[in-house]
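The values are calculated or read from the model by the stated rules, or taken from the named source; none is laboratory data. Just so we're clear, the structure is a prediction, and the values are computed from it rather than from any experiment. Cβ atoms come from the backbone with ideal geometry, glycine included; neighbour counts cover every protein chain shown. Each accessible area value is taken on the protein alone, full model and side chains, heavy atoms only, with ligands, DNA and RNA left out. Shrake-Rupley method; radii C 1.70, N 1.55, O 1.52, S 1.80 Å.
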Amino acid sequence: QLDHLEEIGAEWGLSFGDLDTQGVECRFHKCLDSILGGAETLPLSGARVAGCLHIPYVLQDHSNCVLIETLTALGAEVTWSSCSLTAFPGGKSLNMILDDGCDLTTLVHEKFLQYLKDIKGISEETTTGAHHLYKAFHEGRLKVPAINVNDSVTKFKFDNYYGCRESLVDGNNCATDVMLAGKVAIVAGYGDVGKGCAESLRSYGARILVTEIDPINALQAAIAGYEHFSVMPEDAIVCNINHFNVGIDVAWLKANAKQAVNVKPQVDRFTIPSGRHIILLAEGRLVNLGCATGHPSFVMSCSFANQVLAQIALWTTPGKFPLGVHMLPKELDEEVARAHLAQLNVKLTELSTEQSEYLDIPVQGQIKASHYRC
Ligand SMILES: NC(=O)C1=CN([C@@H]2O[C@H](COP(=O)(O)OP(=O)(O)OC[C@H]3O[C@@H](n4cnc5c(N)ncnc54)[C@H](O)[C@@H]3O)[C@@H](O)[C@H]2O)C=CC1
Ligand SMILES: Nc1ncnc2c1ncn2[C@@H]1O[C@H](CO)C(=O)[C@H]1O
């Protein structure tokens, strides 16, 4: 809830007014202005958006605040939490879901079915959440149209790859301050998150081993110069960056450890039957958000611009999104990228008319085919 954030802010001697939202806020609103073109009526008037995303423990992470401010500036009523909330002031219920990991979507479909009839759309932030949406749709359990925000290139390539490339090591350093150079790091899974994690760990001088089930990603890892793994050494640091804490068997650790010592918040050291020790970060939950503040706001601005566009698309053009899981059109993906270039002082080259005709690509885009994943 917003007032809860105010309370936290008060503890830190901060209020929304003090938040350094300048950089993110102007970028965010510039992005929306360029896309909405100064639309007369507020596109989210009447929408009651229940947001269920991570709220990093340090209020300075203003990307969430700017996302909430933007949704309300576009006419929406908003409730927000990092766990599921469904009720609005005045007894009104939600009619839009903005989700991360399908937590709120699953809760409404399983325990608050009475709300389903009023909900016009779901926008989903992350890979695992998108997987859950596709599975629910294929099994006939999805009852509300959804947009998979994760697979916008300006989300997964920036947030999952470049975001984790920064925030994984941030989490490890905040939690342990253990030097990475010379250590052996195992990265389980070489998708966009794994690529970012492996790249940053290697840049610190760690030797990287990768495990994979997908031959294409395994081949990518091998071509990138990474290898494969066997026995956990003494005081191995184990952490998870997946959305859910299913990557590490924490239950086994807790059931079989001869001793468990809480070294400091979010850092536990287990003595396993062999006598060796395992150091577990963030209780096996997302280490970059549990031990640090998650991704920097620049990549979150890219991700959340996609979230806002998805909410607008679902709310204002429901006819375009029948029951199912959809993607935002590539031209909006390119618009999100275009709106962020100025923040990095990047000037885009423009096709000449002759080049445009030769390549059969419109000067102002869509530049790439819709299936192109960069
Ligand atoms: N903490 C954070 O800030 C973020 C977390 N995520 C989460 O990170 C996770 C990974 O996301 P992406 O990299 O985008 O997914 P992805 O699908 O691109 O990559 C996952 C990779 O893991 C591999 N894999 C699956 N099971 C495996 C196993 N048992 N052993 C080895 N490899 C296995 C798959 O073949 C795939 O290549 C998801 O849960 C996503 O929601 C995504 C973005 C940011
Ligand atoms: N600082 C952050 N604030 C909000 N969400 C974040 C942050 N860092 C990473 N995430 C999101 O966390 C999910 C995974 O649960 C992602 O896919 C990211 O978009």
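At a glance:
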quantity: Of the criteria (1) part of a loop (DSSP other than H, G, I, E, B); (2) open to solvent by less than 50 Å² (accessible area, probe 1.4 Å), which one Gly247 fails; calculated: (2)
quantity: Subset of the stretch 191-243 that is assigned to a helix (DSSP H, G or I) and polar (S, T, N, Q) - its residue that is least open to solvent (accessible area, probe 1.4 Å); calculated: Ser200
quantity: Test result for Phe112, among the aromatic types (Phe, Trp, Tyr) and either in contact (Cβ under 8 Å) with a residue 60 or more places away in the chain or open to solvent by less than 10 Å² (accessible area, probe 1.4 Å) (or both); calculated: no
quantity: Within the stretch 274-308, tally of residues that are among the polar types (S, T, N, Q) and more than 8 Å from ligand 2 (Cβ to nearest atom); calculated: 4
quantity: Which numbered condition Ala188 fails, given (1) within 16 Å of ligand 1 (Cβ to nearest atom); (2) under 16 Å from Ile237 (Cα atoms); (3) open to solvent by less than 30 Å² (accessible area, probe 1.4 Å); calculated: (3)
quantity: Per-region count, the stretch 19-59, residues modelled with pLDDT under 90 and over 21 Å from Glu125 (Cα atoms); calculated: 15
quantity: Restricting the stretch 290-305 to residues that are of a type outside the set (S, T, N, Q) and surrounded by fewer than 21 Cβ atoms within 10 Å (Cβ to Cβ), the residue that is nearest to Leu328 (Cα to Cα); calculated: Phe298
quantity: Filter pass, Glu335 being part of a helix (DSSP H, G or I), within 16 Å of ligand 1 (Cβ to nearest atom) and either of a type in the set (Asp, Glu) or surrounded by fewer than 16 Cβ atoms within 10 Å (Cβ to Cβ) (or both); calculated: no
quantity: Residue ID - surrounded by the fewest Cβ atoms within 10 Å (Cβ to Cβ), chosen from residues in the stretch 118-145 that are part of a strand (DSSP E or B) and of a type in the set (Gly, Ala, Ser); calculated: Gly121
quantity: Count - residues of the stretch 258-288 that are open to solvent by less than 40 Å² (accessible area, probe 1.4 Å) and not in a loop (DSSP other than H, G, I, E, B); calculated: 14
quantity: Criterion violated by Thr271 - all others in (1) within 16 Å of ligand 2 (Cβ to nearest atom); (2) touching a His at 6+ places or on another chain (Cβ under 7 Å) satisfied; calculated: (1)
quantity: Residue in the stretch 173-183 that is surrounded by 14 or more Cβ atoms within 10 Å (Cβ to Cβ), assigned to a strand (DSSP E or B) and within 15 Å of ligand 2 (Cβ to nearest atom) present; calculated: no
quantity: Residues within the stretch 312-327 that are buried (at least 23 other Cβ atoms within 10 Å of the Cβ) and within 15 Å of Thr126 (Cα to Cα), tallied; calculated: 0
quantity: Residues satisfying the stated conditions in the stretch 143-170, i.e. basic (Lys, Arg) and within 17 Å of Leu332 (Cα to Cα); calculated: Lys155, Lys157
quantity: Subset tally (residues that are more than 10 Å from ligand 1 (Cβ to nearest atom) and acidic (Asp, Glu)) for the stretch 151-165; calculated: 0
quantity: Residue check, Glu354 modelled with pLDDT under 95, among the charged types (D, E, K, R), part of a helix (DSSP H, G or I) and open to solvent by 80 Å² or more (accessible area, probe 1.4 Å); calculated: no
quantity: Filter result for the condition that a residue is among the acidic types (Asp, Glu), in contact with a strand residue (DSSP E or B) (Cβ under 7 Å, 6 or more places away or on another chain) and free of Cβ contacts under 8 Å to residues at least 40 places away in the same chain, over Glu212, Glu227, Glu234; calculated: Glu227
